[in-house]
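Heads up, the thing below is written out as structure tokens.
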Amino acid sequence: MNRTASIIGTGSYVPDRVMTNADLEKLVETSDEWILSRTGIRERRIAGPEMPTSEMAARAAEAAIQNAGIQAGEIDLIICATVTPDMFFPNTACFVQTKIGAVNAVCFDLSAACSGFLFGVETARQFIASGTYRTVLVIGADKLSSIVDWTDRNTCVLFGDGAGAAILQHREGSKGVMATRMGSNGALADILYIPGGGSAHPANSPTSAENPVTIRMNGRETYKHAVTAMVEASQQVLVDAGVSPSEIACFIPHQANLRIIEAIASRLDVSMERFHINLDRYGNTSAAAVAIALDEANRTGRFKRGEKILMVVFGGGLTWASTVVEW
Ligand SMILES: CC(C)(COP(=O)(O)OP(=O)(O)OC[C@H]1O[C@@H](n2cnc3c(N)ncnc32)[C@H](O)[C@@H]1OP(=O)(O)O)[C@@H](O)C(=O)NCCC(=O)NCCS
């Protein structure tokens, strides 16, 4: 059996609370002008204490279920990509299962930082292709506000909270997910990571003071590798899919920095109008970023059934991926 897997519905959720660049000026030595000119971000959403990652994920999932026109009971597998699980265990997908009533689903989380959603889509495709499962819910959800050092201006201005989701199923006559390229480079783990909180430096251990449970990032290195990896993965996946950039109706990139997206557009020789961008409103929401952008692009009619889209992501690990989908 080698069935194709199509995205048959999407959903997303962002918290109501808006944090503007002006709000950040009150927290750290920064300015709206600096943040906007260096990143393109104007504001981001912040989830309150009552809203762990699973709650945002469940709301995005419910929207995707409705968009796909299926029942929660039909879902065979839930993959939740996140680096901010509610707890070490149980996995966040299990909490989502209960919240949405997907009683027949198998549930696991996937850890690939900002790349998690596309790693999840490819994992879902393989389960569908093998015939193991018929209906898969893939979620990208992160509450980065819970792991940001709010005194570090190098990182705290970049991130936000949110969740996006997609339902995958075989759809007769559609190519669906046509090709995916994924990559990783663990040798560069230390340019974007959280030193503490895990088994290497547990919270409240003798080494926890020097290893906080907050994001550490070398911005310039991350920027450089993000551009190279996303350009190369996109070029490769277009070849794999047998599709030229001009045939792509909409490019949906990871929403980390407008300048990174401009560099990708320039290297692929594609105009910026063909990229869906929402980082000005949400900042970088990690695994949720490309999933929220996909849902927005879908709901605002940026592409039609039968057209092709390209999604591309990059994150800590390092990890990256690019996927071409026939809608
Ligand atoms: C972080 C980033 C926006 C910084 O932009 P940049 O143009 O590279 O800026 P630089 O690193 O040259 O820093 C310039 C100066 O601004 C300062 N600066 C950093 N953050 C600042 C802020 N929020 N406000 C004001 N100044 C800031 C730096 O301290 C530095 O000062 P110095 O030269 O006195 O040391 C950019 O490197 C970036 O986006 N990197 C990728 C990040 C990313 O995508 N991460 C997630 C990947 S999934």
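Brief remarks follow.
- Residues of the stretch 151-208 that turn out to be under 16 Å from F314 (Cα atoms) and among the acidic types (D, E), as a count: 1
- Among the residues of the stretch 34-44, those that are more than 9 Å from the ligand (Cβ to nearest atom) and among the charged types (D, E, K, R) comprise R42, E43, R44.
- If you go through the stretch 276-306 and keep only what is in contact (Cβ under 8 Å) with a residue 12 or more places away in the chain, out of contact with any Cys (no Cβ under 8 Å at 6 or more places or on another chain) and surrounded by fewer than 21 Cβ atoms within 10 Å (Cβ to Cβ), you end up with I277, N278, D280, R281, E296, R299, K304, R305, G306.
- Within the stretch 209-231, tally of residues that are within 16 Å of the ligand (Cβ to nearest atom) and acidic (D, E): 1
- Residue within the stretch 116-123 that is in a helix (DSSP H, G or I) and among the aromatic types (F, W, Y) present: yes
- Residue that is closer than 20 Å to G317 by Cα and modelled with pLDDT of 95 or more, where the choices are T82, T135: T82
- Given (1) farther than 30 Å from N211 by Cβ; (2) in contact (Cβ under 8 Å) with a residue 60 or more places away in the chain, number of the condition A72 does not satisfy: (2)
The values are calculated or read from the model by the stated rules, or taken from the named source; none is laboratory data. This structure is a prediction, so every number in the text was calculated from the model and none was measured. Cβ sites come from the backbone with ideal geometry, for glycine too, and all protein chains shown count toward neighbours.
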